[in-house]
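Peer 1: I'd like to ask some things about the structure below.
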Amino acid sequence: MLIAGNWKMNLDMPAARHLAGSIRNSLEDPRPVEVVLCPAYAYLDAVYGLVHGSVVSVGAQNMHAQDAGAFTGEISASMLRSVGCSHVILGHSERRQYFGETDASVREKVAQAVLFGLVPIVCVGESLVERDAGQAERVVAGQVRGALKGVAYPGKGRLVVAYEPVWAIGTGRTASPDEAQAMHAHIRSELAGLFSTGDAAHIDILYGGSMKPENADDLLSQPDIDGGLIGGASLQADPFLAIVRAAMRAG
Ligand code: PGA
């Protein structure tokens, strides 16, 4: 089980430090749950300094596919490693929607992240129009293949996929546990086709999209839901910790 907090473009430095410190201090040993905080770039170093040595690790929300060079405003995998990141979210729907990211650009980034020892959290998910048209499974399978085809399996625990239906992100509307489980099983069978059944069994598939303490138990107890990527509910310690505890129960 893995619970990741995607703080998106929120918080200032004091608030980020306070949130990271509260999570670290109030987390009883959450094994076998992995906890990852993904703050804005500007706070990565500070958050890493606060959680280093605890059970909490740090991830970025994006990165560039090249390692260095004239790419103003961008950040590379090795830079993220150098400030303590272990994970990186790639292909989030907001990146796809507002910043023109495609399956092809996500695949380049995934390969680069793996090369530099970062665990990619690869996001996929259909829009409401696609779901209503009965296209959800086809769209999501296409995104999984598009982001991962040709990428060598990086090993147990070294690759994470997040299913985030776009219509559930930040809307308060969540996929039902049955809807989410069906899609997660579908994603796992795609992963088995790309890698192997054994490898696919060791890839954590997270659910994201309005996960909160009230629905976390039902979602996380589904057999193919291996954790959560949490947006809104990760911006305060109490709801985020409640979701981590739900993951421990489901563990
Ligand atoms: P949400 O965001 O929990 O606020 O819906 C999830 C995400 O975008 O990762």
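Peer 1: Among 85, 35, 63, whose Cα sits farthest toward the positive end of the charge dipole of the range 28-100 (+1 at Cβ of Lys/Arg, -1 at Cβ of Asp/Glu, about the Cα centre)?
Peer 2: Positive-end residue among those listed: 63.
Peer 1: Using protein chains only and a probe of 1.4 angstrom, how many square angstrom of residue 171 are accessible, to the nearest 10?
Peer 2: For residue 171, the solvent-accessible surface is approximately 80 Å².
Peer 1: Run the Debye formula on the Cα coordinates of the chain, all scatterers equal and no solvent, and tell me log10 I(q)/I(0) at q = 0.16 1/Å.
Peer 2: Computed log10 I(q)/I(0) values: -1.18.
Peer 1: Where does each of 159-169, 135-145 land if you order them by average Cβ count within 10 Å, highest first? Walk me through the numbers on the way to the answer.
Peer 2: Numbers: 159-169: 24.3, 135-145: 18.5.
Top of the packing list down: 159-169, 135-145.
Peer 1: Now for a separate question. Out of the total accessible area of the chain (probe 1.4 Å, heavy atoms of protein only), what percent is carbon and sulfur?
Peer 2: Details: 5510 of 10520 Å².
Of all accessible area on the chain, carbon and sulfur atoms account for 52 percent.
Peer 1: Which value results for Rg/Rh of the range 60-192 when Rg is the Cα radius of gyration and Rh the Kirkwood radius based on the inverse mean 1/r?
Peer 2: Taking Rg over the Kirkwood Rh, I get 0.98.
Peer 1: If you don't mind, there's one more thing I want to ask. Over 17 Å, how big is the tail of the calculated P(r) for the range 125-251, in percent of all Cα pairs?
Peer 2: Beyond 17 Å sits 56 percent of the P(r) for the range 125-251.
Peer 1: Considering only protein heavy atoms, what per residue accessible area in square angstrom results for the range 109-189 with a 1.4 angstrom probe?
Peer 2: Heavy-atom accessible area per residue stands at 40 Å².
Peer 1: Enter the Cα centre distance for the pair the range 189-224 and the range 104-182, rounded to the nearest angstrom.
Peer 2: 11
Peer 1: Sticking with this one: With +1 on the Cβ of every Lys and Arg and -1 on the Cβ of every Asp and Glu, and nothing else charged, how large is the dipole of the chain about its Cα centre, in debye rounded to the nearest 20?
Peer 2: Rounded to the nearest 20 debye, it is 420 debye.
Peer 1: Net charge near residue 243, counting Lys/Arg +1 and Asp/Glu -1 over other residues with Cβ under 11 Å of its Cβ?
Peer 2: Here the charged neighbours net out to 0.
The values are calculated or read from the model by the stated rules, or taken from the named source; none is laboratory data. Note that the coordinates shown come from a computational prediction; the quantities given were computed from them, not determined experimentally. Cβ atoms come from the backbone with ideal geometry, glycine included; neighbour counts cover every protein chain shown. These area figures cover heavy atoms from the full protein model, side chains too; ligands, DNA and RNA do not enter into them. Shrake-Rupley method; radii C 1.70, N 1.55, O 1.52, S 1.80 Å.
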